[in-house]
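Report on the following structure.
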Amino acid sequence: MQTTFQTRMGREGRVLIPSNVRQELGLNIDEPIHCYVKDGELHMSSRVAAIRKMQAKFAHLREPGVSWVDELSKERREEAARESAEP
């Protein structure tokens, strides 16, 4: 589903996002919003949506059953052990 709306930019450059759209995006007061300009268009999304989009973009690199957090922790422990073993 695509939600479309019109709004105006105020004198200070502020743009009002209607409450139904804020609810749809799960935005709360003072929550950061991810924005970028592409091909002359302004794109906005919630931080959660931006994270999910990046996770989906790199999902093909993930090996099933492998935790990147566990792998990173293991590498850090091994590196710390090597450093402590050095004279």
Would you confirm, using the coordinates I've provided, whether Glu31 is acidic (Asp, Glu), farther than 15 Å from Gln2 by Cα and surrounded by 10 or more Cβ atoms within 10 Å (Cβ to Cβ)?
yes
Please verify whether region 6-21 includes one or more residues that are loosely packed, with under 10 Cβ neighbours inside 10 Å, on the phi < 0 side of the Ramachandran plot and among the acidic types (Asp, Glu).
yes
One residue is enough: does region 65-77 have a residue meeting the conditions surrounded by 10 or more Cβ atoms within 10 Å (Cβ to Cβ), free of Cβ contacts under 8 Å to residues at least 12 places away in the same chain, assigned to a loop (DSSP other than H, G, I, E, B) and not basic (Lys, Arg)?
yes
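Restricting region 43-57 to residues that are outside any strand (DSSP E or B) and hydrophobic (A, V, I, L, M, F, W, C), which is surrounded by the fewest Cβ atoms within 10 Å (Cβ to Cβ)? Explain how you work it out, then say what you get.
Going residue by residue through region 43-57, those that are outside any strand (DSSP E or B) are 47-57.
From what's left, hydrophobic (A, V, I, L, M, F, W, C): 48-51, 54, 56.
Details: Val48: 13, Ala49: 15, Ala50: 17, Ile51: 12, Met54: 11, Ala56: 9.
Restricting to residues being outside any strand (DSSP E or B) and hydrophobic (A, V, I, L, M, F, W, C), the top hit is Ala56.
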Qualifying position, being touching a Lys or Arg at 6+ places or on another chain (Cβ under 9 Å) and either of a type in the set (Gly, Ala, Ser) or on the phi < 0 side of the Ramachandran plot (or both), among Ser73, Ser67, Ser45
Ser45
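Please work out if Pro32 is touching a residue at least 12 places away in the same chain (Cβ under 8 Å), over 30 Å from Trp68 (Cα atoms) and of a type outside the set (Lys, Arg).
Numbers: touching a residue at least 12 places away in the same chain (Cβ under 8 Å): yes; over 30 Å from Trp68 (Cα atoms): no; of a type outside the set (Lys, Arg): yes.
Here the answer is no, as Pro32 does not meet what is asked.
Laboratory data are not the source of any read-out in this text; all were calculated from the coordinates shown. Just so it is clear, the model here is predicted, and its values are computed rather than measured. Glycine gets a Cβ as well: all are built from the backbone with ideal geometry, and neighbour counts include every protein chain shown.
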